[in-house]
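Before any comments, here is the structure.
Derivation of every value follows stated rules applied to the coordinates shown; laboratory data play no part. Keep in mind that what you see is a predicted model, and the values were worked out from it rather than measured. All Cβ positions, glycine included, derive from the backbone under ideal geometry; neighbour counts span all protein chains shown.
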């Protein structure tokens with residue numbers, strides 16, 4: 001089930017992000033000498049078909065990998081009926097039972113819908129990946145990465161987009177300074193932001209879906225996307241009937257080796273609600289295999305896991321945010337930042353800053369966290385993650401020769417402290 005990422009998650013979404021990026025690229029190309037005189041049209045259905053073809057191709061590859069590894073694949077709906085037994089209902093309704101020494105639950109998560117009148121008129125990210133028609137007016141409700149990404153996708157393809165979220169800034173849980181950068185970039189790209197706002201009702205009209213907010217705003221949209229979080233996929237698995245413990249969010253409780261309270265049953269991925277990222281689920285699955293089948297008890301390591309928000313432009317981070325560092329620090333934290341106009345923008349004329357940030361332990365000089373908002377941020381951050389995993393210090397960053405000209409070189413040329421902060425205190429120094 002964690003293959004959901006390939007079928008209805010990060011892979012098809014990234015294809016749409018690529019497609020949406022070309023809108024801005026074509027605009028920027030004019031100042032680089034490319035004569036784009038005629039109106040440029042976008043064919044949504046063509047991209048949709050290309051995306052579908054790629055998902056079919058990848059799905060086939062994964063099925064062949066499983067088959068070649070000797071895995072027997074059964075398609076249907078399964079539930080656990082005992083410590084060593086699973087019942088599966090096949091597509092034709094036939095029920096079959098299978099016994100095993102170990103059972104692994106990896107059923108992922110599902111999108112949640114806020115309980116408001118007219119909620120059935122909205123869609124989730126699953127349907128957003130396969131809309132028959134590209135919306136001209138889109139409303140997105142949510143402040144997480146899914147909301148920000150789809151707002152960027154639809155805006156990049158020419159739609160009018162309104163993004164509603166409950167907090168002051170989107171992307172709760174990320175570094176506050178970088179959240180503000182993302183918000184500015186979203187607005188700069190033409191997305192209408194509505195902070196501290198809730199949708200309270202949807203109604204169907206001849207002109208489209210009418211949206212009512214708690215600020216007495218009313219809007220019309222062709223599509224409304226609920227991106228208000230996901231819930232562990234534990235319903236209909238019969239878990240409680242066989243005694244598997246769940247937490248208050250409905251996630252499967254596991255120990256540090258991914259074992260449930262039933263010794264023969266294990267769980268990995270979003271269904272455990274630990275760190276809900278596809279590569280993390282793969283890591284947990286690998287650790288499970290080593291522990292159970294290779295006789296090498298292995299715990300997943302959740303330190304220095306990089307992640308990215310594929311907004312336009314993207315945000316990518318690894319390690320601690322400034323706020324997290326201050327919570328965990330015993331002493332002072334040094335913050336280094338760099339805000340600059342990317343070289344490409346100096347010719348294209350696009351007014352959009354790239355922002356980079358390093359958070360450093362003042363006593364040990366160890367780099368605790370890194371963030372970047374700007375083009376190619378995820379590609380750059382993957383390499384930075386290796387450095388943090390190895391325990392790199394700021395001095396080691398400084399002694400690394402940069403690649404010039406590149407945006408990435410800024411990470412090894414930030415010499416001046418932007419601010420020094422004491423845990424629970426205010427900045428001691430500020431260098432503009």
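So the values come out like this:
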| read-out | value |
| --- | --- |
| Potential lengthening between residue 398 and residue 94 on full extension [0.36 nm per residue; Cα-Cα distance subtracted] | 103.0 nm |
| For the stretch 350-422 versus the stretch 125-178, the gap between their alpha-carbon centres in whole angstrom | 28 |
| FRET efficiency, residue 217 to residue 39 (Cβ-Cβ, R0 35 Å, nearest 0.05) | 0.65 |
| Theoretical FRET efficiency, 1/(1+(r/R0)^6), r = Cβ-Cβ of residue 379 and residue 238, R0 45 Å, to 0.05 | 0.55 |
| Average Cα contact separation per residue, the stretch 313-430, under 8 Å, 6 or more apart, as relative contact order % | 33 |
| The stretch 264-316-the stretch 227-258 distance, computed between alpha-carbon centres (Å) | 16 |
| Virtual spin-label span in nm between residue 246 and residue 303, 7 Å along Cα→Cβ | 3.4 |
| Computed FRET value (nearest 0.05) for residue 120 with residue 419, which takes r as the C-beta separation and R₀ as 56 Å | 0.70 |
| Distance (nanometres) between label positions extended 7 Å along Cα→Cβ at residue 196 and residue 68 | 5.7 |
| [x] 60, 59, 49; [y] 65, 62, 45; [z] 59, 43, 42, with the label sought being that of the calculated Cα extents along the principal axes in Å | [y] |
| Computed Kirkwood radius, in angstrom, where 1/r is averaged over Cα pairs of the stretch 229-379 | 18.4 |
| Percent RCO, i.e. relative contact order, over the stretch 119-228, from Cα pairs under 8 Å lying at least 6 residues apart | 36 |
| Label-point separation in nm, residue 127 to residue 347, each point 7 Å along Cα→Cβ | 4.4 |
| Stokes-Einstein diffusion coefficient of the stretch 112-176, Kirkwood radius over Cα pairs, 25 °C, 0.890 mPa s, in µm²/s | 192 |
